[in-house]
Amino acid sequence: MTQPDTELRVSKIENGTVIDHVTAGEALRVLAILGIDGTEGETVSVGINVPSDRLGRKDVVKVEGMELSQDEVDVLSLIAPDATINIIREYEVIEKSRVDRPESVVGVLTCPNTNCITNAGEPVNTHFDVLDTGVQCRYCETIIRENITDHIET
Ligand code: CTP
Ligand code: ZN
């Protein structure tokens, strides 16, 4: 089914990655997690709270000239469990996959426990196991249950 042009809010891209069906309102956090801020000259289009048949409302992120790997996008499942990753080449969708909930995320989140080894200036990557109800630091066992994205390393 093709959308009438009047419904297309964000233009199609020639090459790159479309992150579709992002939880409404989470697009800017998706960009933060992926470390995409436009400083490398990449063209990025974002649709926030656009109408969706399946989700009612959704966000869409389109990054041109960049093919994101499954690892890079799996961490998105923490905030956008329904997201679809579409790899685009020459305007065609050549690959479509869902984000997967990873078993753990390394080097993405900071531990809120100030006494944690990961906050001691040691060369230790943060490592959180993904639970049903949150994420847990492998070093000090602190569990983050809410606002996980507030703990993304910057
Ligand atoms: N898209 C794009 N540029 C292209 C091709 C597709 O920006 N050259 C976008 C579409 O706008 C859509 C997403 O990539 O947001 C997936 O495209 P497509 O598979 O054609 O759409 P649907 O069939 O609606 O996808 P789904 O079944 O995943 O909902
Ligand atoms: Zn910790």
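The values are calculated or read from the model by the stated rules, or taken from the named source; none is laboratory data. Since this is a predicted model, take the numbers as computed values, not measurements. Here Cβ is always computed from backbone atoms with ideal geometry, including for glycine, and neighbour counts include all displayed protein chains. Areas reflect the complete protein model, heavy atoms only, side chains present, ligands, DNA and RNA absent. Shrake-Rupley method; radii C 1.70, N 1.55, O 1.52, S 1.80 Å.
Taking segment 86-147 and the strands (runs of 3 or more DSSP E) fully enclosed by it, the elements with 3 or more residues that are closer than 30 Å to residue 67 by Cβ are at 92-98, 104-106, 127-130. Does any residue of segment 22-38 turn out to be loosely packed, with under 12 Cβ neighbours inside 10 Å and at pLDDT below 90? Yes, segment 22-38 has at least one match.
Condition check ((1) open to solvent by less than 80 Å² (accessible area, probe 1.4 Å); (2) polar (S, T, N, Q); (3) under 19 Å from residue 80 (Cβ atoms)) across all residues:
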| residue | (1), (2), (3) |
| --- | --- |
| 104 | yes, yes, yes |
| 113 | yes, yes, no |
| 123 | no, no, no |
| 126 | yes, yes, no |
| 132 | no, no, yes |
| 135 | yes, no, yes |
| 140 | yes, no, no |
| 145 | no, no, yes |
| 150 | no, no, yes |
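Going by the structure shown, is residue 103 modelled with pLDDT of 95 or more, out of contact with any Pro (no Cβ under 8 Å at 6 or more places or on another chain) and not small (Gly, Ala, Ser)? No: the conditions fail for residue 103. Number of residues in segment 34-83 that are of a type in the set (Ser, Thr, Tyr) and part of a strand (DSSP E or B): the value is 2. Applying the condition of being out of contact with any strand residue (DSSP E or B) (no Cβ under 7 Å at 6 or more places or on another chain) and of a type in the set (Asp, Glu) to segment 85-102 and asking which residue is least open to solvent (accessible area, probe 1.4 Å) yields 100.
Condition check for residue 82 on (1) surrounded by 16 or more Cβ atoms within 10 Å (Cβ to Cβ); (2) over 10 Å from the mean Cα position of the chain (by Cα); (3) among the acidic types (Asp, Glu): one failure, at (1).
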